[in-house]
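One structure is given below, encoded as structure tokens.
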Amino acid sequence: MSEGKGREGSLEAPTRHALAWQDPEFYDHAALDKELERIFDICHGCRRCFNLCNSFPTLFDLIDESKTGELDGVDKKDYRKVVDHCYLCDMCYMTKCPYVPPHPWNVDFPHLMLRAKAVKNRDGDLKFRDKVLSSTDTVGNIAGIPVVAQVVNAVNHSALGRKLLDAALGVAPDAPIPEYRSRTLRKQLRRQSKPAAAGQSTPAAQPAGGTRGKVALFATCYINRNEPAIGLDLAAIFRHNGIEIGLTEKESCCGMPKFELGDLQAVADLKSKNVPQLVAMIDRGYDIVAPIPSCVLMFKQELPLMFPDDPAVALVRDNIFDPFEYLALRHKAGALRTDFKRSLGKISYHVACHLRVQNLGLKTRDILQLVPDTTVEPIERCSGHDGTYGVKREFRETSMKIAKPVIQRVEASGADFYSSDCPMAGHQIESGLTPESAPVHPLTLLRMAYGL
């Protein structure tokens, strides 16, 4: 049988085509409907992704409940219901679909959903709520003002405040929403990075395992404004291992919230702000590390697919790391300290989808299991949070249904801690536990083990 033809599945690794988001046909309604129909019909005949996100059950129910029992019986206006349930986790592409490129059927379901979202955005058909929730820099700058932050947090934690938030923005009253901090991570790290006193010197960074031993921390909107303690844990761990921590002069949102809405021009605008700053740090000898998997994925995968011919984007792609990926590379080269002061016992560890997409392996688990008398049980299932999907009123119940297998695994584990590289996923799990108990981020656990 000829290579790549007439087969189900492929032995080759999945490949991704560049996004033709600047091509006028990308936004053509007729062309989009034709491609949606083609891919949906393939999915209908396969159905391997029935147990992932709710896009697939929605599609299959539409088909099964139609007059013909086939895709031709589904009103094309209902295609949007499928699109709305996709939060671009990429798990169908990475773990289930046998028809991804280089297969000749060329199925890339997430990027087709992205295209449909981009057309919806271009048509001006976005809710005010979605525009607000995805404007992380603007919301964070306002909500993070001293005194304002305390007021916002107090309102968000009150029953009346949550009712008002639901009425104004459609945010589910029982969904976890983060607190805002006026003392941002970037402010705190700048204070920690004062020049050394006269006569003092800073040890030279030691390259190891393909890392340069100097890290520019991309703080991310969430860690910077909402949970800066996680970023401080990262800085303490890296410094303990002789890794210098620096900051870019400026930092903007990575663009993932806008990407998930299909607002690709906004993503391009944010790229034009962030990439030159990151390139400047790389040119000064720094690697880049970001503590949120979605932000790393944005620079590793999505921006390179949007800008395949941009050498600056490629440079950032090749020099950005997940924190535990970075530590694992240095451990393999014998440059990671293992002077742990306490064990962590049993950890129930949720592996974030946007970390799995990076194909790094379970580096977080591997590093935590270096701690004596510590075992880590990974859970490779979606938490259902997925950006803003899990906080929206109309999707909240579905998001918790998606999260239920993860929550059940955590509850049954009898673990001393449960954890996720994505802090928002951790809080999603927390909201379903009975009784509720707080997650502990893997970086916090590692800092505890070091006794720092």
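Quick notes on this one:
- 11 Å beta-carbon shell around ASP366, net charge (K/R +1, D/E -1): +2
- Computed about the Cα centre, the dipole magnitude for the stretch 79-160 is approximately 240 debye when only Lys and Arg (+1) and Asp and Glu (-1) carry charge, each at its Cβ.
- Extension gain (nm, one decimal) between ASP310 and ARG122, 0.36 nm per residue minus Cα-Cα: 65.3 nm
- For the stretch 45-109, the dipole from Cβ point charges (+1 on Lys and Arg, -1 on Asp and Glu) about the Cα centre works out to 100 debye, to the nearest 20.
- Computed over the stretch 1-133, the ratio Rg/Rh where both radii use C-alpha atoms and Rh is Kirkwood: 0.97
- Rounded if a/c under 1.5, otherwise prolate or oblate - the stretch 313-452, Cα gyration tensor axes: oblate
- Percent carbon-and-sulfur accessible area, the stretch 154-280, ignoring ligands, DNA and RNA, probe 1.4 Å: 55
- Within the stretch 29-84, the proportion of C-alpha pairs whose separation exceeds 19 Å stands at 18%.
- Only the Cβ atoms of Lys and Arg (+1) and of Asp and Glu (-1) were treated as charged; on that basis the dipole of the stretch 399-452 about its Cα centre amounts to roughly 140 debye.
- Full-extension gain in nm, LYS34 to ARG317, via 0.36 nm per residue minus C-alpha separation: 98.6 nm
- Restricting the calculation to alpha carbons of the stretch 341-384 gives Rg and Dmax of 11.3, 35 angstrom.
- Longest segment of the chain lacking trypsin sites (Lys or Arg not before Pro) that sit in a DSSP loop with at most 14 other Cβ atoms within 10 Å: 343-452
- Cleavage-rule hits (chymotrypsin sites (Phe, Trp or Tyr not before Pro)) in the stretch 95-161: DSSP loop, at most 15 neighbouring Cβ within 10 angstrom: TRP105
- Take the Kirkwood radius over Cα pairs of the chain, plug it into Stokes-Einstein at 25 °C and 0.890 mPa s, and you get 105 µm²/s for translational diffusion.
- Among the GluC sites (Glu not before Pro) within the stretch 224-323, those in coil by DSSP and having at most 15 neighbouring Cβ atoms inside 10 Å are GLU249.
- If the chain linking ALA280 and ARG80 were pulled fully straight, counting 0.36 nm for each residue of separation and taking away their Cα-Cα distance, it would gain 67.8 nm.
- Dipole-positive endmost among SER134, LEU270, ALA208 within the chain (Cβ charges, Cα centre): ALA208
- The chain: relative contact order as a whole-number percent, Cα under 8 Å and 6+ apart: 15
- Placed amide H near ILE379: partners under 5 Å, 5+ positions off or other chain: TYR349, HIS350, VAL351
- Anchor LYS332: aspartates and glutamates whose Cα lies under 14 Å away (excluding residues fewer than 8 positions away in-chain): ASP366
- Of all accessible heavy-atom area on the stretch 88-140, the percent that carbon and sulfur account for (1.4 Å): 54
- Over 26 Å between alpha carbons, listed pairs LYS76/LYS404; LYS76/LYS117; LYS81/LYS273; LYS67/LYS127; LYS96/LYS117: LYS76/LYS404; LYS81/LYS273; LYS67/LYS127
- The stretch 408-452: GluC sites (Glu not before Pro) in DSSP coil with no more than 12 other Cβ atoms inside 10 Å: GLU436
- Heavy-atom surface of the chain, accessible at 1.4 Å and reported per residue (Å²): 45
- Label-zone membership for the stretch 213-245, site ASN141, 7 angstrom Cα→C-beta point, backbone N under 19 Å: 219-226
- Pairs of Cα atoms nearer than 8 Å and 6+ residues apart set the relative contact order; for the stretch 335-452 it is 34 percent.
- Whole-Å distance, taken between Cα centres, linking the stretch 335-361 and the stretch 80-104: 27
- Length-normalised contact order of the stretch 1-131 in % [C-alpha pairs under 8 Å, at least 6 apart]: 33
- Prolate/oblate/rounded call for the stretch 316-372, Cα gyration tensor, a/c under 1.5 rounded: oblate
- From the alpha carbon centroid of the stretch 376-452 to that of the stretch 257-299 is 26 Å.
- Cα→Cβ-extended label distance, 7 Å offset, between THR434 and ARG183, nm: 3.8
- On the principal axes of its alpha carbon atoms, the stretch 75-119 extends 30, 20, 17 Å, with the longest extent given first.
- Label point distance in nm, GLU394-TRP105, each placed 7 Å from Cα along Cα→Cβ: 3.0
The values are calculated or read from the model by the stated rules, or taken from the named source; none is laboratory data. The structure presented is a predicted model; accordingly, all values stated were derived computationally and were not measured. Heads up, the Cβs are rebuilt from the backbone with ideal geometry, glycines too, and the neighbour counts pull from every protein chain shown. Surface areas here come from the heavy atoms of the whole protein model, side chains and all, with no ligands, DNA or RNA. Shrake-Rupley method; radii C 1.70, N 1.55, O 1.52, S 1.80 Å.
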